[in-house]
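This report concerns only the one structure given below.
Read-outs throughout are calculated quantities, based only on the coordinates presented, and are distinct from any laboratory measurement. The shown structure was predicted, so the numbers you read here are calculated from the model rather than taken from an experiment. Cβ sites come from the backbone with ideal geometry, for glycine too, and all protein chains shown count toward neighbours.
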Amino acid sequence: MSSPAPHEIYDAAIKLKDAGDLAGAVAKLQEVLAIDPNHVETHSALAVYFHRLGKFDDAIAHARKVVEIAPNDTFSYTQLSVIYMRCGKILEAEDAKARAAMMSGHRH
């Protein structure tokens, strides 16, 4: 029997989160990254979940990884801005917000 694909593990993690098991969801998402270290949705979800768990450094690290993987995606900068803001890093949040605004203003 083949091992589950990253999207299947990701879906299982979301179900754990929906059931209120945030720590279980984080553990499951880390399984996804063991298979696919650049799985954007996983990094995006981990940024939110780590913030909710009060692990701000981890939240920021995952939000920054999303930007690294998807540098042309306005949403990645918007999420980074929100995570910075929620973690109390206002200057960094303003910078990310400005990048998102610049990107939405002109497309390549």
Rounded to 10°, Cα long-axis angle of helix 22-35 versus longest principal axis of the chain: 90 degrees
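Taking only DSSP H segments of four or more residues, each worth -39500 (n - 2.57), what value at 222 nm results for the chain once the sum is divided by all its residues, to the nearest 500 deg cm²/dmol?
-24500 deg cm²/dmol
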Within the stretch 6-105: Cβ-based charge dipole about Cα centre, in debye rounded to nearest 20 (Lys, Arg +1; Asp, Glu -1): 300 debye
Residues ILE90, ILE83 arranged by fewest to most Cβ contacts within 10 Å: ILE90, ILE83
Net charge contributed by nearby residues that have their C-beta within less than 12 Å of ASP58 (K/R +1, D/E -1): +3
Computed FRET value (nearest 0.05) for LYS89 with ALA5, which takes r as the C-beta separation and R₀ as 41 Å: 0.75
Pair LEU22, GLU41: separation of 7 Å Cα→Cβ label points (nm): 2.2 nm
Which of HIS7, HIS62 has the fewest Cβ neighbours within 10 Å, and the rest in rising order: HIS7, HIS62
Binned Cα-Cα distance frequencies in the stretch 1-55 - 10 Å width, integer %: 27, 57, 14, 1
Rounded to 10°, Cα long-axis angle of helix 6-18 versus longest principal axis of the chain: 90 degrees
Principal-axis tilt of helix 40-52 within the chain, Cα atoms, nearest 10 degrees: 90 degrees
Reported label for calculated mean projected area of the Cα convex hull in nm² given (1) 7.4; (2) 6.1; (3) 7.8: (1)
